[in-house]
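Beneath this line is the structure, given in structure tokens, with notes to follow.
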Amino acid sequence: MSAAPGRRTGRRPGSEDTRAAVLAAARAAFGERGYEGASIRDIASRAGVDGALVHHYFGSKQQLFLAASEFPVDVSVVVPQILAGPPETMGERFVRTVVGIWDRPEVRPLLLGIVRSAATDPTAAAMLRGLLADGPLGAIARSIGGPDASARAALAGTQLVGLVLARYVVALEPVASMTAEQLAAAIGPTIGRYLAGDVRLTTGAAPGEAPG
């Protein structure tokens, strides 16, 4: 039986389902190729829609990237869970929590899209900085307090960026295959030390050390 006259086949109707399909396709494309490598044509093809419909819903490619990269994590819920418990194991709880979030199928493309794009796109770089400064790391550092909270969060963030690159982008073994529990045990103490431990962040003599 032939298709009804005037009705296009293989295309999704304009609806919230279409918008969700475009977002899912955009997350996959940005995650695989980064901001520069992904195109509206490719995203539209993945979603089964016309490129004009992508522009109708989201405007520009940059606006689509921003919409596709909205991180589905409620910091107000996650941070108290990480802070609850002995301070000396806070880093392990943090790594266990964030790796569990990153490993979720609906989150990993968002994370990869932001990280892969940050090197070439200022918007993606700003988003990554925001995730590190305003996400769980920054909230935990502010909860702990102290004049060096932002610096501590930034240092801990270097560990997270390295972990994302090694585990999800480069697929460096055995890091790529380690469980969240294994990563928490290996990396957690370093994260905890940066956030709440004895870290030398200022110039001059270290604690207990006479000036040279």
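The values are calculated or read from the model by the stated rules, or taken from the named source; none is laboratory data. On a predicted model such as this, the values are computed, not experimentally measured, just so you know. Cβ placement follows ideal geometry from the backbone for every residue including glycine, while neighbour counts extend to all protein chains displayed. SASA here: full protein model, heavy atoms, side chains in, ligands and nucleic acids out. Shrake-Rupley method; radii C 1.70, N 1.55, O 1.52, S 1.80 Å.
Given the DSSP H assignment, sum -39500 (n - 2.57) over each helix run of at least 4 residues in the chain and divide by its residue total; what's the result at 222 nm in deg cm²/dmol, nearest 500?
Estimated from H runs of four or more residues: -19500 deg cm²/dmol.
Derived value for the stretch 108-203: Kirkwood hydrodynamic radius 14.2 Å. Basis is the mean of 1/r over every pair of different alpha-carbon atoms. Segment residue 39..residue 134, full-extension length gain: 31.3 nm, with 0.36 nm per residue of separation and the alpha-carbon distance subtracted.
With all protein chains kept in place, the per residue accessible area of the chain amounts to 53 square angstrom at a probe of 1.4 angstrom. Seen through its C-alpha gyration tensor, with square-root eigenvalues sorted a ≥ b ≥ c, the stretch 77-121 comes out prolate because a/c lies at 1.5 or above while a/b is bigger than b/c. The 3J(HN,Hα) values that the Karplus relation (6.51, -1.76, 1.60; θ = phi - 60°) gives for the stretch 74-83 are, in residue order, 8, 4, 5, 8, 5, 4, x, 5, 6, 6 Hz. Gly and Pro appear as x. Between residue 32 and residue 20, the contour length at 0.36 nm per residue exceeds the Cα-Cα span by 2.5 nm.
For the chain, the longest principal axis of the alpha carbon atoms and the long axis of helix 16-37 meet at an angle near 60°. The loop-placed trypsin sites (Lys or Arg not before Pro) in the stretch 77-143, going by DSSP, include none that has at most 13 neighbouring Cβ atoms within 10 Å of its Cβ. Would you please classify the overall shape of the stretch 40-135 from the alpha carbon gyration tensor, given that a ≥ b ≥ c denote the square roots of the eigenvalues, rounded means a/c under 1.5, and beyond that prolate means a/b larger than b/c while oblate covers the rest? Here the stretch 40-135 falls in the prolate category. Accessible-area rank, largest first, for 90, 127: 127, 90, with all protein chains present and a 1.4 angstrom probe. For the stretch 31-54 versus the stretch 110-133, the spacing of their alpha-carbon centroids is 19 Å.
For the stretch 67-113, with only Lys/Arg (+1) and Asp/Glu (-1) charged at the beta-carbon, what is the dipole magnitude about the Cα centre, in debye rounded to 20?
Here the stretch 67-113 has a charge dipole of around 80 debye.
Ranked from largest to smallest solvent-accessible area, with a 1.4 Å probe on the protein heavy atoms, 43, 144, 101 come out as 144, 101, 43.
How much length is gained if the chain between residue 63 and residue 177 is pulled fully straight, taking 0.36 nm per residue apart and subtracting their Cα-Cα distance, in nm to one decimal? Write down the numbers at each step before the final one.
Numbers: separation 114, 0.36 × 114 = 41.04 nm, distance 3.41 nm.
Using 0.36 nm per residue and subtracting the Cα-Cα distance, I get 37.6 nm.
Legend: calculated FRET efficiency, residue 107 to residue 190, from the Cβ-Cβ distance at R0 = 25 Å, rounded to 0.05, equals 0.60. Dimensions of the chain along the principal axes, based on C-alpha atoms and rounded to the nearest Å, stand at 85, 32, 31, largest first.
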